[in-house]
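The values are calculated or read from the model by the stated rules, or taken from the named source; none is laboratory data. Here the structure is a predicted model, which means the values were calculated and not measured. For neighbour counting, all protein chains shown are included, and Cβ atoms are generated from backbone atoms with ideal geometry for every residue, glycine included.
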Amino acid sequence: MTDKFILTTYEGMEIKQGAIDLMELIKKKRSDLVFKPKERKDDHSTRSTPRNFNYLEVYQSDDTDFAIGFIGQLQDGEYFVNYVSMENGRWCYEAPDYIRRSKNIKTTASIAIKNFKTPDMKYIQDKYFYSFGSAINEKRNTINSMIYRNTENAPDYLIDEMFKLIDGGYQTDNQKLTQSLNFLKQERETIAKYRNFDPEWYGVWVRPNKVIYRKKKGDEDTIVTDRSQLPESISDKMAVLDIMTEKDYIEDIGLKEKDNVYWVMV
């Protein structure tokens with residue numbers, strides 16, 4: 001395929017002129033965006049001269065640490081865009097991630113202008129929930145494994161009936177059943193808490209000029225200007241998480257995924 005682009009220098013880095021042209025077109029409508037050149041190596045090129053895969057990351061001007069997407073130009077001259085809420089993108093080796101692409105620069109710019117925006121907590125949950133979700137699942141799985149080991153792998157419905165027997169003062173000469181009932185009686189409080197462990201929590205995303213948070217299964221974000229305006233029940237637990245190691249699950253408190261992403265029990 002014939003290369004259909006011109007290389008230029010932008011902020012000290014070689015990049016395709018089409019990426020710069022696309023940026024300028026977007027900036028006419030979106031003065032709130034910041035563009036940073038990003039180097040991407042062509043590690044698998046068999047050419048004597050590696051192809052130029054450099055592109056531009058896109059940020060909101062009030063938060064230049066969190067990229068909300070990227071733009072660039074492909075070897076065949078087509079333009080591409082990626083944004084954080086994108087669905088049904090196409091994979092292309094020349095781009096750093098899934099993209100939407102077009103031969104028409106105005107079409108690509110229109111897509112970018114419409115879709116470059118700060119993601120909500122749903123996006124943050126999809127991206128960063130794994131460690132916290134795994135900790136919750138581990139609590140539930142651990143207690144259920146212990147129940148099965150100590151009740152001869154009794155199914156859930158039978159466990160419920162065994163608790164009814166305990167409450168009714170049931171006695172038996174069957175040694176194995178007695179052991180199972182004694183185990184359930186002794187561990188009843190722990191079993192009640194963790195057998196179907198599915199706690200309520202808030203996701204909190206701290207940004208430079210605001211804090212976004214959402215309750216589990218909530219449909220909308222709540223936004224405040226800083227941490228001091230968060231409910232005390234959330235901010236107090238965040239303070240505990242701040243002195244702990246990242247990604248350490250703290251019982252009844254939560255987990256800090258990274259410096260500005262928290263999962264807080266309520």
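Table for the structure above
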quantity	calculated
Some residue of segment 253-260 being closer than 18 Å to Q125 by Cβ and among the β-branched types (V, I, T)	no
Hits in segment 71-113 - residues which are assigned to a loop (DSSP other than H, G, I, E, B), surrounded by 14 or more Cβ atoms within 10 Å (Cβ to Cβ) and in contact with an Asp or Glu (Cβ under 6 Å, 6 or more places away or on another chain)	L74, Q75
So D236, is it within 19 Å of I124 (Cα to Cα), free of Cβ contacts under 8 Å to residues at least 40 places away in the same chain and not hydroxyl-bearing (S, T, Y)	no
Some residue of segment 21-34 being touching a strand residue (DSSP E or B) at 6+ places or on another chain (Cβ under 8 Å), in a strand (DSSP E or B), more than 18 Å from A109 (Cβ to Cβ) and outside the structural domain of V211 (by TED's automatic domain parsing)	no
Filter result for the condition that a residue is β-branched (V, I, T) and either surrounded by fewer than 17 Cβ atoms within 10 Å (Cβ to Cβ) or farther than 19 Å from E138 by Cα (or both), over V240, V264	V240
Filter result (at pLDDT 95 or above and in contact with a Leu (Cβ under 8 Å, 6 or more places away or on another chain)) within segment 33-55	F35, K36, P37, K38
Qualifying residue in segment 224-233 (condition: in contact with an Asp or Glu (Cβ under 7 Å, 6 or more places away or on another chain) and at pLDDT 95 or above)	no
Residue that is nearest to K139 (Cα to Cα), among those in segment 150-191 that are in a loop (DSSP other than H, G, I, E, B) and touching a residue at least 12 places away in the same chain (Cβ under 8 Å)	E187
Filter result (surrounded by 14 or more Cβ atoms within 10 Å (Cβ to Cβ) and not aromatic (F, W, Y)) within segment 114-132	N115, K117, T118, P119, D120, M121, K122, I124, Q125, S131
Among residues of segment 214-238, those that are part of a helix (DSSP H, G or I) and of a type outside the set (S, T, N, Q), counted	6
